[in-house]
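In what follows, a single structure is set out as structure tokens and then discussed.
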Amino acid sequence: MVVSGSPPNIDAAPAWAEALVAAAGNAGIGVAVSTKSRRVDTQHWVFASPVAIDLIGTPAGELLGRPVEPSFIGNAYFSPEAPADHHSGPHVSRVKGELIRRDARRIPIHWITVESQFNEESLFVHWLIRTDRQYRAERALMDSELRFRRLIDAAPDGVLVLVNGQVVYANQAITRLHGCSHSRQLSQLDLSHLIVPNELGVVTAAIEAVKRGDELAAPLELRISHRSGRSFPVEALLVRTEWDSEQAILLIARDVSGRRQIQSQSIKTDRLAAVGTLAAGVAHEINNPLAYVLLNLQYLIREIPKLGTSDDRIGQLLERLREARHGAERVSAIVRDLRTFSRTDEESVGAVELRRVLQSAIKVARSQLMDRGQIMEILDDVPAVRGNASRLEQVFLNLLINAIQALSGADPAANSIKIRVSRSGDHTVVVEISDTGIGIAPEHLDRVFDPFFTTKPVGLGTGLGLPICHSIITKMGGAISVSSEVGRGSTFQIRLPIDREVHAPVIRTPPPPPARGSERARVLVVDDELTVVSMLSRILTEEHIVEVATSAETALELLDRGDFDVVLCDLLMPNMSGVDLYEEISQRYPGFQERIVFMTGGAFTQRAAQFLSRVNNPRIEKPFDMKSLRRLVREMAIQRHSKQGRPS
């Protein structure tokens, strides 16, 4: 045995002690002894077996006799993984860790110390057990658990482990969702802290069902509470598992707030598309009867004075007819708004000078403002934007009229509407229209651009103005938004892209010469509505020779038999549409298709929209204005005056 000094007289140890140390050495276990006198509070090494010397890596001559330091054995440092274990009694301690030798080698070891009293000194027997295999296995397990924890913490879905309704594990995703910074803050919380109260019963019942072995038909939809008082929708999957030999529930929660927002927007977009399709169809169906109602009213207003009866009686009849005409024109205006909202054709866009368009809209709006307030203009010098001037004027005028209607009449001096135009960066121009009116309630702000939604009294608004504005601006690549405060007013902001194209100078062509009153044209009217063709025939026959056809097929038969100067053709007809008729005429009588004037009632298919965008034929929208219709036909007759030709 290797010893230093005689106390505690180890040389006199019995043979069985030497046999025990030898057996320990054969098993790879090192044995070392240290003592501590009651008079001196320091341990000293007095014995170390060859295996202990080899493990520590310090020669016996340098080790024995030296003081025992807490984490220093000669020149070898001991790095414990956990504090000493005293569960077996006050005289036994166990520590696992590594010996760091002088040569920097790390040796995993299990260190057991047994303390006893020998004479008047304390005797410490140290057992050094190498744990390479066990150490590697435990280290691998720890590394595996660490990798698993990192993997779960990196997962985008929240993961909770519940034992008896309490949280024993939470990953980072659900920790952030609850508003905490560290998962330890969720430890030992129960479900009442995580789930909104009105859904707690459903979740508890689902957990009990999973514990019994039932499977959920679909993920639960519930809301996770945030520490701030808010909540977030999640889809939760419950799985039965074990945790530290106890029955547990694994809860996997996926945040679906973003998905819900996308779904909501998608539903809104689908609803708008459906409303647009419905509006287009309704506009088309209304415009056809409205066309001949208005034409008849205009015709009667013109013809009644020719009857020569009592002036008073005629005046009363004319007044009633004008009222009827006014009502029909209001219907026409509503239908026009429906058509604007629903149209799918691409209108011509180009460079638009915003200041000029705004000043035109402001000029019209001032006539509506009267003495209710003032309009303030802050119009910076900005580049031209990409858009359509007439549509932008429609947007600005609509917003200005809305602002005027929002003003209170109690104190006109305090009422104002401010229009500001400025540049935002290199690509955008911003127009802001602000008022000091009554404002918009917070619960209505998200719906102001929805079709048919209005806060105005019944009869004063259709709920189409702002949706039309939104549709026009977005189709031009811009954006429109609103902010408001009840009692303080609203601000509408329009963002439009700056025009980047280089434009050639505009060459203006002189207008056509005035019509000759003595010229009569041969006109063909093609429409599937019999009342429309009848009324058009009645009006145009006064100046021209008119024939009618209620189908495209009949129109082709008439064209085969004679020549026409003008063809008024409905765009959408059953069987053979106006587009089909145009293409057929182009093949049969090249060049004759230029004489076609298209009549549109508001419904545009994708094919019709593309067709109208590529042809230059005149078009007139239903319901017609009688004067505009007659003027158009006269102008077409003039264009034909010098071009004689007959389809053969």
Every residue from the range 522-539 that is assigned to a helix (DSSP H, G or I) and not small (Gly, Ala, Ser): Leu530, Thr531, Val532, Val533, Met535, Leu536, Arg538, Ile539
Verdict on Arg39 being closer than 24 Å to Ala22 by Cβ, exposed (fewer than 12 other Cβ atoms within 10 Å of the Cβ), assigned by TED's automatic domain parsing to the domain that holds Ala22 and modelled with pLDDT under 80: no
Residue count for the range 190-216, restricted to those that are more than 34 Å from the chain's Cα centre (by Cα) and surrounded by 17 or more Cβ atoms within 10 Å (Cβ to Cβ): 1
Single residue of the range 606-621 satisfying the filter (of a type in the set (Lys, Arg) and part of a helix (DSSP H, G or I)) that is surrounded by the most Cβ atoms within 10 Å (Cβ to Cβ): Arg607
Test: residue in the range 550-559 that is under 14 Å from Val532 (Cβ atoms) and acidic (Asp, Glu): no
Options Glu235, Glu319; residue that is of a type outside the set (Lys, Arg), at pLDDT 65 or above and part of a strand (DSSP E or B): Glu235
Wholly within the range 90-185, strands (runs of 3 or more DSSP E) carrying at least 2 residues that are assigned by TED's automatic domain parsing to the domain that holds Ile56: 92-100, 106-118, 121-130
Residues that are of a type in the set (Asp, Glu) and buried (at least 19 other Cβ atoms within 10 Å of the Cβ), drawn from the range 548-572: Asp565, Asp570
Glu81 farther than 14 Å from Thr113 by Cβ, touching a Pro at 6+ places or on another chain (Cβ under 8 Å) and modelled with pLDDT under 80: no
Answer residue from the range 445-468, given it is touching a Phe, Trp or Tyr at 6+ places or on another chain (Cβ under 8 Å) and not hydroxyl-bearing (Ser, Thr, Tyr) and is modelled with the lowest pLDDT among those: Gly463
Any hit, the range 380-396, residues being closer than 19 Å to Gly437 by Cβ, at pLDDT 75 or above and not β-branched (Val, Ile, Thr): yes
Unique match (being crowded, with 17+ Cβ neighbours inside 10 Å and at pLDDT 80 or above) among Phe624, Phe592: Phe592
Flag for Ala365 being modelled with pLDDT under 80 and either assigned by TED's automatic domain parsing to the domain that holds Phe449 or over 20 Å from Ser484 (Cβ atoms) (or both): yes
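Yes/no per residue for (1) over 23 Å from Val352 (Cα atoms); (2) part of a helix (DSSP H, G or I); (3) not small (Gly, Ala, Ser):
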{"position": "Arg386", "(1), (2), (3)": "no, no, yes"}
{"position": "Leu392", "(1), (2), (3)": "no, yes, yes"}
{"position": "Leu400", "(1), (2), (3)": "no, yes, yes"}
{"position": "Ala403", "(1), (2), (3)": "yes, yes, no"}
{"position": "Arg423", "(1), (2), (3)": "no, no, yes"}
{"position": "Glu432", "(1), (2), (3)": "no, no, yes"}
{"position": "Ile438", "(1), (2), (3)": "yes, no, yes"}
{"position": "Glu443", "(1), (2), (3)": "yes, yes, yes"}
{"position": "Asp450", "(1), (2), (3)": "yes, no, yes"}
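The values are calculated or read from the model by the stated rules, or taken from the named source; none is laboratory data. None of the values given here were measured: they were computed from a predicted structure. Every residue, glycine as well, gets a Cβ built from its backbone with ideal geometry; the counts of neighbours run over all protein chains shown.
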